[in-house]
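> Structure in structure tokens, see below.
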Amino acid sequence: MAYDKKVIDHYENPKNVGTMDKASPNVGTGLVGAPECGDVMKLQIEIDEKTNIIKDAKFKTFGCGSAIASSSLATEWIKGKTLEEALAIKNTEIVEELSLPPIKIHCSVLAEDAIKAAIHDYLEKKKTSPGGK
Amino acid sequence: MRSGLVAVDQASPRNCNSCGTALATGFLCTHCGRLQPLGSEENYFSVLGFAPRLQLDTVLLEKRFYELSRALHPDRFTTSDAENRRISTERMTLINDAYRNLKTSALRRSYFLKLFGFHSAANQKNPRIPVELAETWFELQDALAESPTEAASKLRGFEVELGEFRARKLQALLAIEAEVDAALDKLDPAQSAGTRSDAIAVLAEKLLAEVQGETYLDSMTQNMEHMKKLLL
């Protein structure tokens, strides 16, 4: 079975690979895994505190090509979005965009989970240190 | 298939399906020479004369497999009727599958869990990611982008770290397996099946969680081997 061209593109030339400072108050980190296949995804977002807009997003992953493509696409999509908009992204949209085969759907679920985990982490940070600085 | 919990250790005393004589072995009547049809309660462990346990004496397993293979060899049934030949083939097929699945600990573990009805837990949200190893791997990816020489030396360090981690995991896995087996050994056959599954269920969940974490290590190992080919 051949992968969709978009998967290959994101796999061979992934966007937004990298790491942010986990300790920074404006950075939220999500680390999620799919035990069925062993893929792990770390997704980080940098948030503009005033506007609640995601200024930048980075990811790291180990696992298959679809996991890389899904996280690459997810980081592209959430940049410039508000937290609410980013939370509304569904894995099905990723499946559709990348034409993922049924057996790789969990990779898109992983990307959705990673976005939610990163936002959750950021919001928890805000809660514990209201000043955020 | 929770009924696996009441699986008998050895085939319990039964009578020949054909002539009614008490059977000395589980599969062949020494009185009339009829092979016994496979019962619905037979499983991979029972056909090889074992109680369902995670840790088996693999030397004995091999010995039993060869003994049974000889006893059920088609040459022995050339003068037998069609029914007896069919049963010998059926039993031998099951024994072949059983041996293949019980020989290695990983396949045996997964069959054991299935037999006892613990196979749905893969859907649980229990990722158990090896966080520190994952972080080390991510740093390695950064290093690769910056300096391949440095990445190569870090990669060697990572390989050692991953190997040690896997060895510790294996020890933990073996310890839980021994715990499950000991709990099964202690079961009083007179106890109700319900209490039994509760006692084992807790341990089996622990075992499953441990096994699930393995997939991360497998995919990490694959990624590492790939990077090794590129770098070293």
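> Near B:Glu150, within a Cβ-to-Cβ distance under 13 Å, what is the net charge of the other residues, with Lys and Arg +1 and Asp and Glu -1?
In short, -1.
> Just to confirm, what accessible area per residue do you get for region B:8-103 at 1.4 Å probe, in whole Å²?
Spelled out: the 1.4 Å probe surface of region B:8-103, per residue, equals 56 Å².
> Lys/Arg Cβ at +1, Asp/Glu Cβ at -1, dipole of the protein assembly as shown taken about the Cα centre: which of B:Ala151, B:Ala134, A:Ile54 is farthest positive-ward?
B:Ala134
> Same structure again: Give me the accessible area of B:Thr79, 1.4 Å probe, in Å² rounded to the nearest 10.
140 Å²
> Among A:Cys37, B:Pro52, B:Phe112, whose Cα sits farthest toward the positive end of the charge dipole of the protein assembly as shown (+1 at Cβ of Lys/Arg, -1 at Cβ of Asp/Glu, about the Cα centre)?
B:Pro52
> Something else now. Do you know which residues of region A:14-38 lose at least 10 square angstrom of accessible area in the protein assembly compared with their chain on its own, with a 1.4 angstrom probe?
Buried by the other chains: A:Thr19, A:Lys22, A:Leu31, A:Gly33, A:Pro35, A:Glu36, A:Cys37, A:Gly38.
> Oh, and also: Would you mind checking the tilt of helix B:131-146 against the longest principal axis of the Cα atoms of chain B, expressed as 0 to 90 degrees and rounded to 10?
Helix B:131-146 sits at roughly 50 degrees to that axis.
> Normalising by the residue count of chain A, find the relative contact order in percent from Cα pairs under 8 Å and 6+ residues apart.
Reported as a whole number, the value is 30 percent.
> I want the antiparallel fraction of DSSP beta bridges within the protein assembly as shown, as a percent rounded to 5.
Expressed as a percentage, antiparallel bridges in the protein assembly as shown total about 95.
> Additional query: Heavy atoms only, 1.4 Å probe, whole protein assembly: order A:Asp9, B:Asp185 by accessible area, highest first.
Details: A:Asp9 70, B:Asp185 105 Å².
Result, largest first: B:Asp185, A:Asp9.
> Check each of the trypsin sites (Lys or Arg not before Pro) in region A:29-91 and keep only those in coil by DSSP with at most 15 other C-beta atoms within 10 angstrom; list them in order.
Loop-located and lightly packed - A:Lys50, A:Lys90.
> Taking trypsin sites (Lys or Arg not before Pro) that fall in a DSSP loop and have at most 16 other Cβ atoms within 10 Å as cut points, what is the longest piece of chain B between them?
That gives B:15-124 as the longest site-free run.
> Sticking with this one: Could you work out the longest stretch of chain A that avoids the GluC sites (Glu not before Pro) located in DSSP loops with at most 16 other Cβ atoms within 10 Å?
So the longest stretch without any such site is A:50-133.
> Among B:Cys29, B:Leu187, B:Val160, which residue has its Cα positioned farthest towards the positive end of the charge dipole of chain B, with +1 placed on the Cβ of Lys and Arg, -1 on the Cβ of Asp and Glu, and the dipole taken about the Cα centre?
B:Cys29
> Residue by residue, what Karplus-based ³J(HN,Hα) values in Hz, rounded to whole numbers, does region B:108-113 have, using 6.51, -1.76 and 1.60 with θ = phi - 60° and x for Gly and Pro?
4, 4, 5, 5, 4, 5
> Hey, another quick one. Would you work out the charge dipole size for the protein assembly as shown about its Cα centre, treating the Cβ of every Lys and Arg as +1 and the Cβ of every Asp and Glu as -1, and quote it to the nearest 20 debye?
Rounded to the nearest 20 debye, it is 600 debye.
> I'd like the carbon and sulfur percentage of the solvent accessible area for the protein assembly as shown, probe radius 1.4 Å, heavy atoms only, ligands and nucleic acids excluded.
Details: 10290 of 18770 Å².
Solvent-exposed carbon and sulfur of the protein assembly as shown make up 55 percent of the total.
> Further question: Between the chain alone and the structure with every protein chain in place, find the residues of region B:130-164 that drop at least 10 Å² of accessible area; heavy atoms, 1.4 Å probe.
Residues shielded by partner chains are B:Val131, B:Ala134, B:Glu135, B:Trp137, B:Phe138, B:Gln141, B:Asp142.
> Taking only protein heavy atoms into account and a 1.4 Å probe, give the accessible area per residue of chain A in Å².
Solvent-accessible surface per residue comes out at 46 Å².
> May I pose another question? Which pairs, out of A:Lys79/B:Lys228; A:Lys58/B:Lys229; B:Lys169/B:Lys228; B:Lys103/B:Lys169; A:Lys22/A:Lys90; A:Lys5/A:Lys42, put more than 28 Å between their alpha-carbon atoms?
As for pairs spanning more than 28 Å Cα to Cα, those are A:Lys79/B:Lys228.
> Once region B:123-231 is represented by equal point scatterers at the alpha-carbon sites, with solvent omitted, what log10 I(q)/I(0) does the Debye formula produce at q = 0.09 Å⁻¹?
Evaluating at q = 0.09 Å⁻¹ gives log10 I(q)/I(0) of -0.37.
> Suppose R0 equals 22 Å; then what is the FRET efficiency for B:Ala167 and B:Asp57 from their Cβ-Cβ distance, rounded to the nearest 0.05?
Computed FRET efficiency for B:Ala167 and B:Asp57: 0.45.
> Additional query: Accessible area of A:Asp21, 1.4 Å probe, to the nearest 10 Å²?
Counting only protein heavy atoms, A:Asp21 exposes about 100 Å² to solvent.
> Ok, one more. How would B:Cys16, B:Cys32 line up by accessible area, probe 1.4 Å, largest first?
Heavy-atom accessible area, descending, gives B:Cys32, B:Cys16.
> Note the angle between two axes, namely the Cα long axis of helix A:105-128 and the longest principal axis of the Cα atoms of chain A, as a number of degrees from 0 to 90, rounded to the nearest 10.
Approximately 0 degrees, to the nearest ten.
> Sticking with this structure for a sec: If each DSSP helix of 4+ residues adds -39,500 (n - 2.57) and the sum is divided by the residues in chain B, what number results at 222 nm, nearest 500 deg cm²/dmol?
Helix contribution divided over all residues of chain B: -21500 deg cm²/dmol.
> In the protein assembly as shown, which cysteines lack any other cysteine Cβ under 4.7 Å from their own?
Among the cysteines of the protein assembly as shown, those whose Cβ sits 4.7 Å or more from every other are A:Cys37, A:Cys64, A:Cys107.
The values are calculated or read from the model by the stated rules, or taken from the named source; none is laboratory data. Quantities reported herein were computed from a predicted structural model and do not represent experimental measurements. All Cβ positions, glycine included, derive from the backbone under ideal geometry; neighbour counts span all protein chains shown. Calculation scope for accessible area: heavy atoms of the full protein, side chains included, ligands and nucleic acids excluded. Shrake-Rupley method; radii C 1.70, N 1.55, O 1.52, S 1.80 Å.
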